1. Counting only residues that are closer than 11 Å to HIS37 by Cβ and not hydrophobic (A, V, I, L, M, F, W, C), which one in region 86-106 is nearest to the chain's Cα centre (by Cα)?
2. Here are the criteria: (1) without any contact (Cβ under 8 Å) to a residue 40 or more places away in the chain; (2) assigned to a strand (DSSP E or B). Tell me which single one LYS109 does not satisfy.
3. Can you tell me which condition TYR84 does not meet? The list is (1) touching a helix residue (DSSP H, G or I) at 6+ places or on another chain (Cβ under 7 Å); (2) buried (at least 17 other Cβ atoms within 10 Å of the Cβ); (3) not basic (Lys, Arg), and all the others hold.
4. Within region 59-80, track down each residue that is in contact with a strand residue (DSSP E or B) (Cβ under 7 Å, 6 or more places away or on another chain) and either surrounded by fewer than 17 Cβ atoms within 10 Å (Cβ to Cβ) or aromatic (Phe, Trp, Tyr) (or both).
5. Would you check which residues across region 23-58 are among the hydroxyl-bearing types (Ser, Thr, Tyr) and loosely packed, with under 12 Cβ neighbours inside 10 Å and list them?
6. Inspect region 66-84 for any residue being touching a Phe, Trp or Tyr at 6+ places or on another chain (Cβ under 7 Å), farther than 19 Å from ILE96 by Cβ and not in a strand (DSSP E or B) and give the result as yes or no.
7. Among the residues of region 27-55, which ones are touching a helix residue (DSSP H, G or I) at 6+ places or on another chain (Cβ under 9 Å), modelled with pLDDT under 90 and more than 19 Å from LEU91 (Cα to Cα)?
Amino acid sequence: MLEGSNSLIIISLPWPLFAEDNWYEDFFLYNFDIGYHFGNIFLWIGESFDPEILGYFEMIFWMFGIIKMEYDGWEVNYVKTNYYPPVVSLLFLIVIAGIFLTIGVIYLKKRDISG
């Protein structure tokens, strides 16, 4: 059951990007999209090894909101969105992990898990 719901979220992620109005920017979805923050960190680390990594994975980065399409006639240009700096994305993910770890420790302290 969980696998199906996770894949549904990943599959439905590009639909706000296909809209005529950019729902991803209009409703500030990048604030809550953990995939955006993971992609932002991946791009940051990838660019330190290969500066042209954006060209290799442009459709994947577009799907996660890292870049957006701008049309110039028949030509499509990909432009970085820069909603958040990569360091802020890293801190965001560390805070989320810390919150989940704390909730897990508190939850397990209330239960008897010995034997």
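1. Among them, the one singled out is SER89.
2. Every listed condition holds for LYS109 apart from (2).
3. (2)
4. PHE61, TRP62, LYS68, MET69, GLU70, VAL76, ASN77, TYR78, VAL79, LYS80
5. SER48, TYR56
6. No, because not a single residue in region 66-84 is touching a Phe, Trp or Tyr at 6+ places or on another chain (Cβ under 7 Å), farther than 19 Å from ILE96 by Cβ and not in a strand (DSSP E or B).
7. Of everything in region 27-55, those that are touching a helix residue (DSSP H, G or I) at 6+ places or on another chain (Cβ under 9 Å), modelled with pLDDT under 90 and more than 19 Å from LEU91 (Cα to Cα) turn out to be PHE27, LEU54.
The values are calculated or read from the model by the stated rules, or taken from the named source; none is laboratory data. All values derive from a computational prediction rather than experimental measurement. Note that we place each Cβ from the backbone using ideal geometry, even for glycine, and neighbour counts take in every protein chain shown.
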